[in-house]
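Okay, so here's the structure we're looking at.
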Amino acid sequence: MNASELALSKKDNSLTIVMNVLPSHLRKMLQRLQQLQPEEMARLEELRLRQNRPMVLGFSDEDVFLHREGGLTAHSERAYFVSADDIQRTTQMVSNSSIYALEEELKNGYITLTGGHRVGITGKVVADQGRVKTIKYISGFNIRISRQVVGAADQLLRHLISPKGDVYHTMLISPPRCGKTTILRDIVRQLSSGIQKFNFPGVTVGVVDERSEIAGCYRGIPQLNVGTRSDVLDSCPKASGMMMLLRSMSPQVIATDEIGRMEDVEALEEVLNAGVKVLTTAHGAAVDDIEKRPAIKRLLKLQAIERLVVLDRSKGPGTVKQVLDGITYRPLGVKRC
Amino acid sequence: MLKIIGALVILCSCGYAGFSVARDYQRRPKDLRYLQSALQMLETEISYGATPLPDALEQVANRCDKSVAQLFLETRNRLLSGDGITAREALDDTLKKFSRNSAIKNSDASVLRALGTSLGISDREDQVKHLQLAREQLRIEAAKAEEEAAKNVKLYNYLGVLGGLTIILIFI
């Protein structure tokens with residue numbers, strides 16, 4: 001890596017990693033954009049490639065097409081159209097030329113890159129007896145750039161730690177793209193490293209990272225900062241992962257992303273009853289929404305979750321809309337921050 | 001005196017030319033067998049370990065015979081270079097260099113090139129099929145090479161030396 005590349009990587013490491021999976025001409029176009037409009041590109045959240053259709057760059061506030069001569073455009077007729085060759089090359093880059101090694105991932109419809117960037121995949125699904133076997137004829141990608149925001153949970157943490165210094169059982173709730181994972185990661189980082197401001201000494205946090213998004217592990221080693229006292233089980237199914245951590249790593253807090261299945265909730269119950277604190281997230285726009293989901297309804301009925309945090313995008317991703325007491329559903333005083 | 005030195009030079013160079021042609025004939029069946037066993041290792045890595053291709057290639061390069069290890073190692077390095085090239089392109093480029101420096105012939109290289117077009121782009125079962133096909137084709141090539149070697153090794157060994165002697169006799 002030479003000096004200029006190093007400078008670039010310091011500026012926006014995540015974008016560099018993500019650009020490496022694109023064919024070289026697309027990579028060059030984006031690199032030029034990054035040089036010309038570094039601030040704009042730092043807000044880039046998604047790259048969408050759909051075969052024979054314009055390439056879309058998703059920013060935090062709008063979607064723009066990539067111009068076929070470089071630059072950005074709002075007109076689809078001047079946009080760069082993604083070719084079959086682009087899709088094939090991206091497939092190879094994303095999979096490290098090893099589609100055969102990604103059978104599980106293809107069944108779930110996404111692959112996670114080093115650094116926790118999730119690549120969603122569409123195409124023709126091959127099913128066997130109603131279960132997805134694999135995706136054949138891959139034709140579309142959504143590459144989500146995950147950026148670690150150190151300090152994303154600063155405003156929130158005071159609500160999550162009790163006056164005695166215990167961590168509350170907490171659930172983060174928001175629709176996709178609102179920064180659940182980013183905030184969860186920062187909570188894990190701060191809890192495990194300790195927070196001087198609150199005289200909080202730091203606790204052992206077990207992370208079950210089924211989608212490799214929280215810690216962004218590469219060969220089992222976290223690539224993102226998840227603090228000093230965190231243990232990560234990478235790409236582990238949530239339910240079994242929680243039990244494994246509980247038995248083997250004596251965590252004080254267990255963190256996991258996106259619960260929704262009944263087995264996840266059953267495992268969570270075990271954790272709750274084992275005296276370990278729980279940090280988790282769920283998809284939904286409000287508490288009313290998630291109450292309709294059977295698995296989560298069961299969890300809420302236990303009245304064990306002490307803090308419900310609702311996020312939205314009203315002031316950019318990761319806006320804390322509300323913090324509710326999990327038992328009384330009474331909002332705790334938060335300004336949108 | 002000068003004549004004797006000249007005669008020796010001719011004899012040595014003709015003999016050497018003959019031996020080196022014969023050596024290529026001898027080497028080819030060996031190289032092909034090494035390639036077959038390397039592909040067998042790759043198949044195991046892919047089908048049982050589901051090892052990503054660059055890692056699998058590295059494993060194979062470490063374990064297979066030195067004379068073919070370079071092919072796998074260099075393909076891996078090209079894949080990891082981050083230039084956005086596909087497995088097929090990486091293998092093609094490496095093969096160009098490799099076939100120049102080894103005893104394998106064009107027909108052998110084209111078996112590997114055909115394998116390259118499908119390497120890494122499908123599920124495990126499919127990969128195994130392609131690897132088995134390539135191995136089978138290499139086995140046939142190796143059998144042919146074996147026959148050719150049996151015929152030609154002795155021939156060229158003698159031809160070199162005897163050819164040299166003939167030239168000397170003519171010039172004396």
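The values are calculated or read from the model by the stated rules, or taken from the named source; none is laboratory data. The shown structure was predicted, so the numbers you read here are calculated from the model rather than taken from an experiment. Cβ sites come from the backbone with ideal geometry, for glycine too, and all protein chains shown count toward neighbours. Each accessible area value is taken on the protein alone, full model and side chains, heavy atoms only, with ligands, DNA and RNA left out. Shrake-Rupley method; radii C 1.70, N 1.55, O 1.52, S 1.80 Å.
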Can you give the calculated 222 nm mean residue ellipticity of chain A, where each DSSP H run of n ≥ 4 adds -39,500 (n - 2.57) and the sum is split over every residue, rounded to the nearest 500 deg cm²/dmol?
-9500 deg cm²/dmol
About its Cα centre, what dipole magnitude does the range B:2-171 give when the only charges are +1 on Lys and Arg Cβ and -1 on Asp and Glu Cβ, stated in debye to the nearest 20?
820 debye
Counting only protein chains, not ligands or nucleic acids, how are B:Leu159, A:Leu245 ordered by accessible area (probe 1.4 Å), most first?
B:Leu159, A:Leu245
With θ set to phi - 60° and the Karplus curve 6.51 cos²θ - 1.76 cosθ + 1.60, what are the ³J(HN,Hα) couplings of the range B:144-158 in order, to the nearest whole Hz, using x for Gly and Pro?
4, 4, 4, 4, 4, 4, 4, 6, 9, 4, 4, 3, 6, 4, 6
Amide H neighbours of A:Ser230 under 5 Å, at least 5 residues apart or on other chains, H built in the peptide plane: list them.
A:Val205
Tell me, what is the 1.4 Å probe accessible area of A:Phe65, in Å² to the nearest 10?
50 Å²
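Placing unit charges on C-beta atoms (Lys and Arg positive, Asp and Glu negative, everything else neutral), compute the dipole magnitude of the protein assembly as shown about its Cα centre in debye, rounded to 20. Numbers along the way, then the final one.
Numbers: 69 positive and 59 negative charges, 111 e Å.
In total the dipole reaches around 540 debye.
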With only alpha-carbon pairs counted, each pair once and no self-pairs, how large is the Kirkwood hydrodynamic radius of chain B in angstroms?
17.9 Å
How large is the direction-averaged shadow of the alpha-carbon convex hull of the range A:217-337, in nm²?
8.4 nm²
List the pair-distance distribution P(r) of chain A, using every Cα-Cα distance, as the percent of pairs falling in each 20 Å bin from 0 up to the bin containing the longest distance, rounded to whole percents.
30, 56, 14, 0
Alpha carbon convex hull of the range A:114-177, volume per residue in cubic angstrom:
168 Å³
The range A:3-144: projected area of the alpha-carbon convex hull, averaged over directions, in nm²:
9.0 nm²
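How would B:Met1, A:Met171 line up by accessible area, probe 1.4 Å, largest first?
B:Met1, A:Met171
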Once neighbouring chains are kept in place and the probe is 1.4 Å, which whole percent of the accessible area of the range A:3-144 is contributed by carbon and sulfur?
47 percent
Other-chain or far-sequence residues with amide H under 5 Å of A:Lys136's (modelled H)
A:Lys124, A:Val125, A:Val126
Between the alpha carbon centres of the range B:75-105 and the range B:27-44 the gap in Å comes to 17 Å
In the range A:154-332, if the dipole is taken from +1 on Lys/Arg beta carbons and -1 on Asp/Glu beta carbons about the Cα centre, which of A:Met262, A:Ala215, A:Leu324 is farthest to the positive end?
A:Leu324
In nanometres, what is the gap between the two model label sites at B:Leu80 and B:Ala150, each 7 Å from Cα along Cα-to-Cβ?
4.3 nm
In degrees rounded to 10, the 0-90 angle between helix A:262-273 Cα long axis and the longest Cα principal axis of chain A is 40 degrees
Would you tell me the accessible area of A:Thr134, worked out with a 1.4 angstrom probe on the heavy atoms of the protein chains, in Å² to the nearest 10?
30 Å²
With every protein chain left in place, what is the accessible area of A:His169 in Å² (1.4 Å probe, nearest 10)?
20 Å²
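On a 1.4 Å probe surface of the protein chains, which of A:Met93, A:Met249, A:Met55 comes out largest in accessible area, and what is the full order?
Final ranking, largest accessible area leading: A:Met249, A:Met93, A:Met55.
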Just to be sure I understand: if you take the accessible area of chain B alone plus chain A alone and subtract the pair, with a 1.4 Å probe, what total do you get in Å², rounded to 100?
1500 Å²
Rounded percent of accessible protein surface that carbon and sulfur make up, the range A:279-337, 1.4 Å probe:
53 percent
When the charge dipole of the range B:2-171 is computed with +1 on Lys and Arg Cβ and -1 on Asp and Glu Cβ about the Cα centre, the Cα farthest towards its positive end, among B:Cys12, B:Thr94, B:Asn77, belongs to B:Cys12
Any idea what the dipole of the range A:233-285 comes to, in debye rounded to 20, about its Cα centre with Lys/Arg Cβ at +1 and Asp/Glu Cβ at -1?
160 debye
Just want the answer: with Cβ charges of +1 for Lys and Arg and -1 for Asp and Glu, which residue in A:Leu22, A:Phe198, A:Cys236 is farthest toward the dipole's positive end in chain A?
A:Phe198
What are the ³J(HN,Hα) values, in whole Hz, obtained from phi via the Karplus relation 6.51 cos²θ - 1.76 cosθ + 1.60 with θ = phi - 60°, for each residue of the range A:219-226 in sequence order, with x given for Gly and Pro?
6, x, 9, x, 9, 10, 6, 10
Nearest-0.05 FRET efficiency for B:Asp65 and B:Ile172, computed from C-beta distance (R0 60 Å)
0.85
